[in-house]
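Down below is the structure, laid out as structure tokens.
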Amino acid sequence: MLFPFYSLDSNCMPAKIPTFHAFGAVLRDNKLIFSIFSIVAKTVKLHLFDPNNSLPKDILSLHQTIPGIWQVEMDPIPLSTLYLFEVDGNLVLDPYAKALTTPHTWGVWQDSPKCQLTFDHKFDWENTPKPNIPKKHLIIYEMHVRGFTKNKSSNVTHPGTYLGLIEKIPYLKELGINAIELLPIHEFDERENPRKEPITGKRLWDFWGYMTMNFFCPTKRYATSNDRLAPLNEFKTMVREFHKNRIEVILDVVYNHVSPLSGLEKIDKAAYFILTKDKAHTNFSGCGNTLSANSLATSHLIMSSLHYFAKECEIDGFRFDLGGCFARGPDGTPLTLPPFFELLENDPILADCKLILEPWDCYGINLLNGFSIKECSAWNSSFRIAMRRFIRGDSMQEQFFKDSFLGSKYLFPVGSPPTKTINYVTCHDGFSLNDLVSYNQKHNQNNGEHNRDGDSDNSSFNYGVEGLTNDPKILAIRLLQMKNLLFANLLAIGVPMIRMGDEYGHTNLGNNNTYCQDEPSWFNWDKTSEIFPFLRSLIFLRKSIPLYNLEHYLTESDIHLVMIKEHIVVLLIKNSYLIAFNTSNSPLFLPAYGLTHWKILLQTSKDISATELLTVPPRSFLIACRH
């Protein structure tokens, strides 16, 4: 396959240089070509290994075909052969390798990984089409491959794996999910976290997987065997089976920083990273280094990875972690029109993919403030704040809540569709839904960082007791508030996203940064809650009424503001749907809306008084339509 190789001109705009075959190991015309990019390297060699020998069986020198492009050509070699590059004396992984000798057992590593060949890989998609669900119809479920089925209560054949997810497709369909967003599946080393739990002494992990070591290899710990092709085969099998059930697969991808195990620093530090004037790493990612998406080498690496998963693995979309880093030039300067976005949004291979940005970085950039992101949607943290504060009962939040519920139109350029906003009240990063209504403060002591990690401002409330309780009154208000949060999230204008486990009230015991917590993050299949049928009804309602089939934002003539006052917002939309939000401690009577002419479609409270008037109980929401 050919990939265009992009550079930047003097104005920091994309400029093509001659097209050539992809980096890494390429089989073409019965010749095997290994190539790697490095401007600064003085010598580059290729080490070839037999699978059971730690010493290379052959070492070959690469030569530069054009400046920065190192290459060696040979006759085909056994597919069992392993390889590494040597750059100026440093052994490094091939950044474009499609398989690595990483283990498939969690936490059990023996040797440093080497690269493997995958030319014999074949996969039968069984003529399964991609779902191609319009973005406006998506119900996104954010989930972790290992965490979803690793608990023995899942009763799957292969817990914690790609294949394990397949067995839970009926559950997701019953809930109404039509898109899953997987936390990172690119290969990583879960042992990179050096900390231990301070009380138990148990080791902590890189559970989420945000320290990527390779952008092409599906993680082998999520496969069922150590076979060379197992991760790719089983990952594709998972995607195919989700597609058969009309569920799209979106990947959370981490192109803003890398694990030191990637070897990019040793290959060409200045080519791949944003550096200071003293050639030290910058930390716009908050993880110790920052990739330079608007430089030649990194943009090619990222685009090649995206192409590979979009074409070879039939992936439906990508969520870009800390996408604000993409708006920085090679020296870290913010760019109003980042060239990388030009590549991303004008790329024909990605034209049918859903592109979703986490629109900030860790040092001040927010792409919703003056940057051009065109077709990309964005995680809307303003929506999360607005929902949490209003529903908690904060004062003077009504207008912020209303504008956010109606799609946060004010955040996006004129003419943008409402699918620009990805609405969520919880995600992997922060409190679970249950903890949001059970804790006033974060409790991250088990992370081994003295409770310094994680966000301290969560707009949460415990309703009388910090954490677990058996008090029925507190449990009742917590359940009601969880329903209110889901109601606002699922019925807001935009694309809703749900966090795994919120449908049964999963708790992390107040830990709002579970990046290192393995077992506490596992989905508990034995847990039941009335949240599940309520959420299922919400999703069914959203899919069934035309209000959420919008190509454009609602206009002023579509929206009648029936009432807005302290703790109350009532909207009449298209003269057909009445949506009432009452976060006060008193019932709300709507004398102009009698039950003779209005039918309640869904409500968060069971306490609906017997009256001919439409009544919203305290701390309750409802939606009604004309008879």
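Residue by residue, here is whether (1) closer than 22 Å to His300 by Cα; (2) touching a residue at least 40 places away in the same chain (Cβ under 8 Å) holds:
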| residue | (1), (2) |
| --- | --- |
| Pro348 | yes, no |
| Pro359 | yes, no |
| Asn366 | no, yes |
| Ala378 | no, yes |
| Arg389 | no, yes |
| Gln397 | no, no |
| Phe401 | no, yes |
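Take Tyr96 and decide whether it is among the hydroxyl-bearing types (Ser, Thr, Tyr) and not in a loop (DSSP other than H, G, I, E, B). Here the answer is no, as Tyr96 does not meet what is asked. State all residues of segment 531-551 that are open to solvent by 20 Å² or more (accessible area, probe 1.4 Å), modelled with pLDDT of 95 or more and either touching a Pro at 6+ places or on another chain (Cβ under 7 Å) or under 30 Å from Asn446 (Cα atoms) (or both); if no residue qualifies, say none. The one that is open to solvent by 20 Å² or more (accessible area, probe 1.4 Å), modelled with pLDDT of 95 or more and either touching a Pro at 6+ places or on another chain (Cβ under 7 Å) or under 30 Å from Asn446 (Cα atoms) (or both): Phe532. If the condition is being at pLDDT below 90 and farther than 25 Å from Pro546 by Cβ, then segment 602-627 contributes Lys606, Asp607, Ile608, Ser609, Ala610, Thr611, Glu612, Leu613. Comparison of Gly317, Gly286, Gly323, Gly329 shows that the only residue that is small (Gly, Ala, Ser), open to solvent by 10 Å² or more (accessible area, probe 1.4 Å) and touching a residue at least 60 places away in the same chain (Cβ under 8 Å) is Gly286.
Taken over segment 403-433, the residue count meeting the criterion of being open to solvent by less than 30 Å² (accessible area, probe 1.4 Å) and either of a type outside the set (A, V, I, L, M, F, W, C) or in a loop (DSSP other than H, G, I, E, B) (or both) is 19.
Within segment 586-601, is even one residue within 33 Å of the chain's Cα centre (by Cα), of a type in the set (Phe, Trp, Tyr) and modelled with pLDDT of 90 or more? Within segment 586-601 (the criterion being within 33 Å of the chain's Cα centre (by Cα), of a type in the set (Phe, Trp, Tyr) and modelled with pLDDT of 90 or more), the answer is no, since none of the residues qualifies.
Flag: Tyr515 does not match the condition of being more than 27 Å from Asp394 (Cβ to Cβ), in contact (Cβ under 8 Å) with a residue 12 or more places away in the chain and open to solvent by less than 20 Å² (accessible area, probe 1.4 Å).
For residues that are in a strand (DSSP E or B) and out of contact with any Pro (no Cβ under 9 Å at 6 or more places or on another chain), scanning just segment 173-202, find the one that is nearest to Asn447 (Cα to Cα). Reasoning before the result, please.
Step one: list which residues in segment 173-202 are in a strand (DSSP E or B), which gives 179-182, 186, 188, 196.
Still in the list and also out of contact with any Pro (no Cβ under 9 Å at 6 or more places or on another chain): 180-182, 188, 196.
Values: Ile180: 27, Glu181: 25, Leu182: 23, Phe188: 19, Lys196: 7 Å.
Once the filter is applied, the top-ranked residue is Lys196.
Within segment 131-141, is there a residue that is touching a helix residue (DSSP H, G or I) at 6+ places or on another chain (Cβ under 8 Å), surrounded by 14 or more Cβ atoms within 10 Å (Cβ to Cβ) and closer than 30 Å to Asn193 by Cα? There is at least one residue in segment 131-141 that is touching a helix residue (DSSP H, G or I) at 6+ places or on another chain (Cβ under 8 Å), surrounded by 14 or more Cβ atoms within 10 Å (Cβ to Cβ) and closer than 30 Å to Asn193 by Cα.
Which is under 27 Å from Tyr210 (Cβ atoms) and either open to solvent by 70 Å² or more (accessible area, probe 1.4 Å) or touching a strand residue (DSSP E or B) at 6+ places or on another chain (Cβ under 9 Å) (or both), of Pro103, Pro113? Break it down stepwise before answering.
Details: Pro103 fails: either open to solvent by 70 Å² or more (accessible area, probe 1.4 Å) or touching a strand residue (DSSP E or B) at 6+ places or on another chain (Cβ under 9 Å) (or both).
From the options Pro103, Pro113, the qualifying one is Pro113.
If you go through segment 71-93, how many residues are in a strand (DSSP E or B) and open to solvent by 20 Å² or more (accessible area, probe 1.4 Å)? Please lay out each step first, then the result.
Initially, segment 71-93 is screened for residues in a strand (DSSP E or B), giving 71-74, 82-87, 90-92.
Remaining after also requiring open to solvent by 20 Å² or more (accessible area, probe 1.4 Å): 71, 73-74, 86, 90-91.
Residues meeting the conditions: 6.
The values are calculated or read from the model by the stated rules, or taken from the named source; none is laboratory data. Please read these numbers as outputs of a predicted model, since none were measured by experiment. Reconstructed Cβ throughout: ideal geometry from the backbone, glycine too, with neighbour counts over all protein chains shown. What goes into the accessible areas is simple: the full protein's heavy atoms, side chains included, and nothing from ligands, DNA or RNA. Shrake-Rupley method; radii C 1.70, N 1.55, O 1.52, S 1.80 Å.
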